[in-house]
Amino acid sequence: LALHQQALEIQRATQNVRREAISLRNLGHVYNLLGQWQKALEQFDKSLSILRSIGDLNSAAFALEGRARTEQRLGDLVASKKSIEESLSLIETVRAHSGSQQLRASYLASREKAYEFYVDLLMQLDAKEAGRGYAAEALKASERGRARSFMELLNEAQVDMREGVSAELIKRERELSQLLNAKAQREIQLTARKGNRQEIDTLRKEISALEDEYQQVQAAIRKGSPAYAALTQPRPLELKEIQQQLDPNTLLLEYSLGDERSYLWVVSKDSLKTYQLPKRAEIQSVAKQVYDSLTARSVSKSLETPLQRQQRVAQADEQFRQSATELSDMILGPAGAVLGTKRIVIVADGVLQYIPFAALVNPKSAAAQPLVVEHELI
């Protein structure tokens, strides 16, 4: 705390208002760690006042997230929701103006915690005020994050998503993104240093014109290639649209793992049920045991005799039965009563993407058979 306060004094002495705002934001974070919520709120508000005045959207998004977390701690969930939604809106704006698909993906990955916090907050609001649509909103937020992650996977796999799109339009979109980014950074620097007013005004006019052209280019891309637009500018489905994809004999199980709590949404043709699950670390620990015991046969150990291998595999099989039952209780148990014998569509998260759900069991089933015996799984 003392070092951050010292840093703040140095930034003020050198009249670097942007770094002053960041120092204030850092102080807010420290006060949060100390549990001094009111002091934290004051620092975040001071920081935001400066960041908004100089147009630093990225830093403002961080400060708003910090304020949202403080408001949550103070019990003001509605105010917290407003702050985190503004933060996410700024994150999306900054992401859209990143120069390349790689930069967009890496930037979004760095801000994943903000989306996770938003989902958790909405589910807390749902627990407090059931029936107000917060659970469906949380599901949509989860879907939005998955749409972004899907783009990252396509990008990492070097999938050509530009097929059928005018090369000139793609090139111009990239150029405009880079220009917008550069000019926005220049505007922030000039404003922070209280630079030439005329130059700042000229920059703002140029940015406005570039934003108009950028939107026109994106509209042309959407018109020329709806498939490319759907991948690069994904729109998550609402609850009713998801339900339209399901038949009466199908359930969607969607997971979201979090630092403090995890969640499961069970969606049917005409209903939405939600369940709170243990935190990510607890689920990861058991899921890793399941994974390790399942892959024991594919592990080769030097100097291991056939008998030793046989004993190790037998021990892994026994470990699998125990850990698979424990994991099933954790992630399927709460919803076991509604599964019946329906087809199950699973949207896993994090470490759960490494687990074959077919080998888990429905804890509510008397026979405790593998899930695949009574269910078709997708």
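Determine the sum of side-chain charges near VAL361: Lys and Arg each +1, Asp and Glu each -1, restricted to other residues whose C-beta is under 14 angstrom from that of VAL361.
Local net charge: -1.
What pairs from LYS171/LYS205; LYS140/LYS273; LYS128/LYS364 go past 18 Å between their alpha carbons?
LYS171/LYS205; LYS128/LYS364
In the chain, carbon and sulfur make up what percent of the accessible area (probe 1.4 Å)?
It is 51 percent, rounded to a whole number.
Can you give me the orientation-averaged projected area of the convex hull built on the Cα atoms of segment 1-46, in nm²?
Mean projected area of the Cα convex hull: 2.7 nm².
Once Lys and Arg get +1 and Asp and Glu get -1 on their Cβ, which of ALA63, ALA7, ALA79 lies farthest toward the positive end of the dipole of segment 4-99?
Farthest along the dipole direction, towards plus: ALA7.
Based on the alpha carbons, how large is the Rg to Rh ratio for the chain when Rh follows Kirkwood?
1.04
How long are the three semi-axes of the equivalent ellipsoid for segment 1-95, computed from the Cα gyration tensor as the root of 5 times each eigenvalue, in whole Å, largest first?
So the equivalent ellipsoid measures 21, 18, 8 Å along its semi-axes.
Expressed as a whole number of Å, what is the distance separating the alpha-carbon centroids of segment 282-334 and segment 1-52?
If we compute the Cα centre of each part, the gap is 48 Å.
Just name one of SER53, THR305, PRO278: the one whose Cα is farthest towards the positive end of the charge dipole of the chain (beta-carbon charges, Lys/Arg +1, Asp/Glu -1).
SER53
Give, in nm to one decimal, the length gained when the segment between GLU168 and SER53 is fully stretched (0.36 nm per residue of separation minus the Cα-Cα distance).
Length difference between fully extended and current span is 37.8 nm.
Would you mind checking the radius of gyration and Dmax of segment 251-378 based on alpha-carbon positions, in Å?
16.0, 58
When the helices in the chain are scored as -39500 (n - 2.57) per DSSP H run of 4 or longer and the sum is shared across all residues, what 222 nm value do you end up with, to the nearest 500 deg cm²/dmol?
-22000 deg cm²/dmol
Below 13 angstrom from the Cβ of ARG12, what's the summed charge of the other residues (Lys, Arg +1; Asp, Glu -1)?
Around ARG12, the surrounding residues sum to +1.
What is the magnitude of the charge dipole of the chain about its Cα centre, with +1 placed on the Cβ of each Lys and Arg, -1 on the Cβ of each Asp and Glu, and no other charges, expressed in debye to the nearest 20?
For this selection, approximately 640 debye.
Counting heavy atoms of the protein chains only and a 1.4 Å probe, report the per residue accessible area for segment 261-311 as a whole number of Å².
62
The values are calculated or read from the model by the stated rules, or taken from the named source; none is laboratory data. The structure displayed is predicted, hence computed values, not measured ones. Every residue, glycine among them, receives a Cβ derived from its backbone with ideal geometry; neighbour counts consider all protein chains shown. Surface accessibility is based on the protein's heavy atoms, side chains included, excluding ligands, DNA and RNA. Shrake-Rupley method; radii C 1.70, N 1.55, O 1.52, S 1.80 Å.
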